[in-house]
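We did not get these values from a lab; they are worked out from the coordinates using the rules stated. If you're wondering where the values come from, they're calculated on a predicted model, not measured in any experiment. We place every Cβ from the backbone using ideal geometry, glycine too, and count neighbours over all the protein chains shown.
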Amino acid sequence: MHIVIGSFSHESNSFNPDHTQLDDFSPRLYGDQVLDALRTAGRTALHGIFDTLTTRGSAVTPTVFARAVPGGLVSQEAYYTIKEELLQRLKRADSVDGVCLHLHGSMTVAGLGDAEGDLLASVREIVGPQIPIVCSLDMHAMVTPAMVACADGLVGYRTAPHVDAYETGANAAKLLHDALQGHYGLAMCAVGLPMLVSGEQSETEKYPMNELIPKLEEAEQQGEVLSASYFLGFPWVDVSYNQGSAVVVCREEQSRARDQAEQLARHFWHYHKEFRFTTEAYPFAEALAAAETRNPGPVCIADCGDNPGAGGSQNIVYPLKHMLEKGTSCALFGSIADPASYRRCADEGIGSQVKLRLGRLSTGELVGLAVEGTVTHIGPLGAVPAAVVRIQGIDVVVSSRRAMMVDPEELRALDLEPEEYGLLVLKSGYLDPKYEAIAGHGLLALTPGYTNQNFRDLEYRHVPRPMYPLDKDFEYNPRSYRMC
Ligand SMILES: [Zn+2]
C-alpha cells in the first residue's frame, strides 16, 4: 500500500498580536528531508505514523514536517507556503491508497481561520472521495465541521502533559492501515462540548481527566468503536468554532459513531464544572510568598499567564519587577524573549555591565523594565541563542526568540545548575515532567499575559455562546452539537 504522510502543526493564540511567520516554523522540511526529522525530532506523532506504516509493509511518501512554537495567528504567507508544498507532493504521488497526517487541530490563520479544515478540504479535493484520510491531533484541537467532513478519522492524544505523541501517530496509522487492508470504510462523528478549559486544569493524571480518559478505552474495548478521543479545544483563541469535542470512529456505520460520540460527550459534560487547577495556584505576589515557605527547593513557579507553550509573547516582566522590588535572591527567571536585549548582551560579552530595557511590563504597557546587571553566560537555550544577566540576586535568562522551558538540561548547557537555585520562575504552564522531576515544589502563578488563566479577563468577541465558564448555567444537549 502507498500512503502519503506529513506533519504540519501550530497552536495559534489570537490574543498575542505578533503573527507566526514562515521562519518561525522550525524545523520546516520537505520531501525526503522529512525523514531527517524522524531521526532528530524525538518521538513525534509523524515518527509513530512512519514506523507503523513501514513495519506493516506500506510504502510512504513524505511531504512536509513543519512546526512552530505556539504563538500568534499564523500569517497567510506561512500557511499557504507550507500548505502548497504539502499539496504539490500529494499531487505528484502515484497510486495513493491513503493519507495519514499529524496536525495540531488548533492552527488558526490570520484572515482565514480554521487551518486544518481548509487543509483537509484541499487534500480531499486532490485525492477524491474514496481515498481515506486519517489524522492524529493534539488533545487541544478544536474539531470543526469542515475537518469532520473531509477526514475519515481523527485521533487525539490521551495525555497532558503530552507524552503520547508517538503512540497517537501510531494509532492513527493503524486505524488507516486496518481499514485499507480490511476493505472497510470508516464512519466518524464528532459532538461539540461548549466549554473552555486550560491545560493547567486538565492534566490527565489528575481528576477529572483521570476518570474521563479511561472512558475512551472502555468505549474502544466494546468492539464497535475503533477510535475514541476527547478534544479540549484551546482557550486562548477567539474564534467562532472554538469548543471541545468527543470524536468517535467506527467501522462503516455512521449511526454507531454518532450514538457513541453523543454518549461520550454527555459523559464529559457531566464533569464540566469539576475542572480546577491541579497545582496550587496564586496571584504572583502570593506565589512568591508561598515559595519562601516551601522546602526543599528548588521551588518552581510557572509564570503561566505568559506561557510560550500556549502562545504567550514570553516577554512580560511584571513578575521580575516584583521579584526585584522584594529583593528575591538565589533565583532564576526566564526566559525573556527579547532579541534587542540579547543582542546587547552578546555584543558586550561575558563579564560586562549592561543597562537594558527588558521585555515589557504587561500586555497593555509596552514599556520595558529598566535594569542593570552583569552578563554571566552566553550560549544556546535549546536551539535558541541566549544570555544570562545577573540582576541583583537573580539570574535572568534573555533569549533571542521565544523558547519553551521544557528541559532543565537546556539550562545546564548554559552553564546554569537549576538544582542550585532556591527558586526557578519559568515562562511555562504546567511544569514539563523533566522540570517536575527536579522541583522540590511546583506552584502556578496567575500572571497577566496572553495566556491569562482567568478567561473573564480576556475579551472574547467570537467564541460561540453559551460557553462555560463564560456562561454558567445552561442546558446542554449533545444532539445540537453534532458534527456528522
Ligand atoms: Zn496540547
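Please state, rounded to one decimal and in Å, the Kirkwood hydrodynamic radius that the range 408-452 gives when every pair of distinct Cα atoms enters the mean of 1/r.
Computed over Cα pairs of the range 408-452, the Kirkwood hydrodynamic radius comes out at 11.7 Å.
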Once phi is turned into ³J(HN,Hα) by the Karplus curve 6.51 cos²θ - 1.76 cosθ + 1.60 with θ = phi - 60°, what whole-Hz value does each residue of the range 113-122 show in order, with x for glycine and proline? x, 5, 5, 5, x, 5, 5, 5, 5, 5
So what is the relative contact order for the chain, in percent, with contacts set as C-alpha pairs under 8 Å and at least six apart? 16 percent
Of 365-374, 64-73, ordering from highest average Cβ density within 10 Å down gives 64-73, 365-374
Based on alpha-carbon positions alone, could you give the equivalent ellipsoid semi-axes of the range 137-231 from the gyration tensor, as √(5λ), descending, whole Å? 23, 15, 13
Using only the Cα atoms of the chain, construct the convex hull and provide its projected area averaged over every direction, in square nanometres to one decimal. 21.5 nm²
Please compute the net charge surrounding P194, taking Lys and Arg as +1 and Asp and Glu as -1 over other residues with Cβ under 14 Å from its Cβ. +3
Please state the relative contact order of the range 281-452 as a whole percent: Cα pairs under 8 Å, 6+ residues apart? 40 percent
Whole-Hz Karplus couplings 3J(HN,Hα) for the range 70-75, θ = phi - 60° and coefficients 6.51, -1.76, 1.60, Gly and Pro as x, run x, x, x, 3, 6, 5
What is the mean projected area of the alpha carbon convex hull for the range 323-413, to one decimal in square nanometres? 5.7 nm²
Where Rh is the Kirkwood radius over Cα pairs, Rg/Rh for the range 1-159: 0.94
When only DSSP loop residues count, what trypsin sites (Lys or Arg not before Pro) in the range 265-311 have their Cβ near at most 14 other Cβ atoms within 10 Å? K273, R276
Under 5 Å between amide hydrogens, which residues at least 5 positions from V64 or on another chain qualify, with H placed 1.01 Å from N in the peptide plane? S7, G31
Mind checking the dipole of the range 62-122: about its Cα centre, +1 per Lys or Arg Cβ, -1 per Asp or Glu Cβ, Debye to the nearest 20? 140 debye
Cα gyration tensor shape of the range 179-260, rounded if a/c is under 1.5, else prolate or oblate by comparing a/b with b/c: oblate
The set of residues whose placed amide H lies less than 5 Å from the amide H of G244, leaving out same-chain residues fewer than 5 positions away, is L193, M195
Cα-Cα over 26 Å, subset of K91/K174; K321/K472; K355/K427; K215/K434: K321/K472; K215/K434
When only Cα pairs under 8 Å and 6 or more residues apart are kept, what is the percent relative contact order across the range 55-179? 22 percent
Need the C-alpha centroid separation for the range 115-151 versus the range 197-260, integer Å. 17 Å
Based on the Cβ-Cβ distance from E436 to Q33, what FRET efficiency comes out when R0 is 35 Å, to the nearest 0.05? 0.55
For the chain, what is the mean residue ellipticity at 222 nm derived from helices alone (per DSSP H run of n ≥ 4: -39500 (n - 2.57); sum divided by total residues; nearest 500 deg cm²/dmol)? -8500 deg cm²/dmol
Once phi is turned into ³J(HN,Hα) by the Karplus curve 6.51 cos²θ - 1.76 cosθ + 1.60 with θ = phi - 60°, what whole-Hz value does each residue of the range 293-298 show in order, with x for glycine and proline? 9, 9, 9, x, x, x
From the P(r) of the range 2-269, can you give the percent of Cα pairs sitting at distances over 24 Å? 43 percent
How large is log10 I(q)/I(0) at q = 0.08, 0.15, 0.18 Å⁻¹ when the Debye formula is applied to the Cα atoms of the range 281-452, each weighted equally and without solvent? -0.19, -0.73, -1.10
Could you pull out every Cys in the chain that lacks a partner Cys with its beta carbon under 4.7 Å away? C100, C135, C150, C250, C300, C304, C330, C345
